[in-house]
Amino acid sequence: MDAVSAPCIVRELGSQPYEPVWRAMQRFTDARTDATVDELWLVEHDPVFTLGQAGKDEHVLAPGDIPVVHVDRGGQVTYHGPGQIVAYPLFDLKRLKVGVRDYVCRIEQAMIDTLAEWNIHADRKDGAPGVYVAGAKIGALGIRVRRGCTFHGLAFNIAMDLEPFHRINPCGYQGLQVVSLADLGGPGGMDQVKPVLLKHMADQFGLSLRHEAALPDLSQAA
């Protein structure tokens with residue numbers, strides 16, 4: 001990481017349906033230039049299952065009333081819903097001088113360091129990106145890199161109803177256990193966790209964060 005901090009705009013989008021945010025990420029990435037300031041979006045999605053490019057429908061066991069959206073990120077199927085922090089780093093990796101594998105490791109480390117603030121030990125698992133506590137997944141990753149710029153990102157379980165994870169094979173793994181921060185004795189409030197996660201994301205990527213309002217055109221069609 002460079003000694004000089006790189007500017008990054010943080011936008012807190014609140015509670016949003018999945019697809020408009022996904023389309024807004026695509027528009028942002030397609031329109032950005034070498035001079036575009038990086039952004040980091042935080043959002044809490046309405047209930048949705050998302051299936052990555054390599055995702056297999058067989059891992060969606062019984063979605064019921066929760067919609068399934070096929071998306072252009074890597075990875076298999078996961079669930080987003082209330083009580084989960086979803087963070088979308090819209091970063092220019094070339095400018096940050098960060099490779100894709102290093103990018104994934106730094107995101108994982110930011111979640112690991114966040115959990116450590118509440119004395120919760122988390123680690124990685126070989127061949128299965130994400131963050132785990134005693135073998136149960138607490139943080140998932142699904143990324144896309146286009147022209148050296150990232151979109152999609154991470155999902156961090158804070159205080160959520162985990163039942164929908166039983167309707168899928170999370171990340172393509174049958175029987176994978178999933179856990180929330182609140183279940184481990186950590187805080188259940190999103191507002192307690194967001195600033196800590198942002199601090200560790202900034203530390204990992206050498207960023208100087210600036211909060212700005214959410215995008216006004218979020219609901220526009222792609």
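The values are calculated or read from the model by the stated rules, or taken from the named source; none is laboratory data. Quick caveat, the model's predicted, so the values are computed rather than measured. Positions of Cβ are generated from backbone atoms using ideal geometry, with glycine treated the same way; all protein chains shown enter the neighbour counts. SASA here: full protein model, heavy atoms, side chains in, ligands and nucleic acids out. Shrake-Rupley method; radii C 1.70, N 1.55, O 1.52, S 1.80 Å.
Inverting the mean 1/r over all pairs of different Cα atoms, compute the Kirkwood radius of the stretch 1-93 and quote it in Å.
Numbers: mean 1/r = 0.0677 Å⁻¹.
With all distinct Cα pairs of the stretch 1-93 included, I get 14.8 Å.
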*Counting only protein heavy atoms and using a 1.4 Å probe, what share of the accessible area of the chain belongs to carbon plus sulfur, as a whole percent?*
52
*Show which lysines lie in cross-link reach of LYS97 when reach means a straight Cα distance below 22 angstrom and same-chain residues fewer than eight apart are skipped.*
LYS199
*What's the long-distance tail for the chain, i.e. % of Cα pairs beyond 31 Å?*
14
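Counting heavy atoms of the protein chains only and a 1.4 Å probe, report the per residue accessible area for the chain as a whole number of Å².
44
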*Set of lysines near LYS125 by C-alpha distance (under 23 Å), chain-local residues within fewer than 8 positions excluded*: LYS56, LYS137
*Hey, if you drop one equal point scatterer on each alpha-carbon of the stretch 111-222 and run the Debye formula without solvent, what base-10 log of I(q)/I(0) do you get at q = 0.10, 0.16, 0.17, 0.19 Å⁻¹?*
-0.36, -0.90, -0.99, -1.17
*Going by accessible area, probe 1.4 Å, with all protein chains left in place, what is the ranking of TRP41, TRP118, largest first?*
TRP118, TRP41
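Which order do HIS45, HIS59 take by accessible area at a 1.4 Å probe, largest first?
Result of the area sort, largest leading: HIS59, HIS45.
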*asked:* Taking 8 Å as the Cα distance limit and 6 or more residues as the minimum spacing, I'd like the relative contact order of the stretch 59-215 as a percentage.
replied: 31
*Where both residues lie in the chain, what percent of DSSP beta bridges are antiparallel, nearest 5?*
60
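Restricting to Cα atoms and excluding each atom paired with itself, what does the Kirkwood estimate give for the stretch 104-147 in Å?
Working: mean 1/r = 0.0919 Å⁻¹.
The Cα-based Kirkwood calculation yields 10.9 Å.
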*Between the stretch 166-181 and the stretch 79-111, what's the alpha-carbon centroid distance in Å?*
20
*State the answer as a single residue: which of SER180, LEU215, CYS149 lies farthest towards the positive end of the charge dipole of the chain, with beta carbon charges of +1 for Lys and Arg and -1 for Asp and Glu, about the Cα centre.*
CYS149
_Given points 7 Å out from each Cα along the Cα-Cβ axis, report the ALA35 to ARG147 separation in nanometres with one decimal._
1.5
*Using bins 10 angstrom wide from zero, how does P(r) for the stretch 140-206 break down, in % of all Cα pairs?*
17, 39, 34, 10, 0
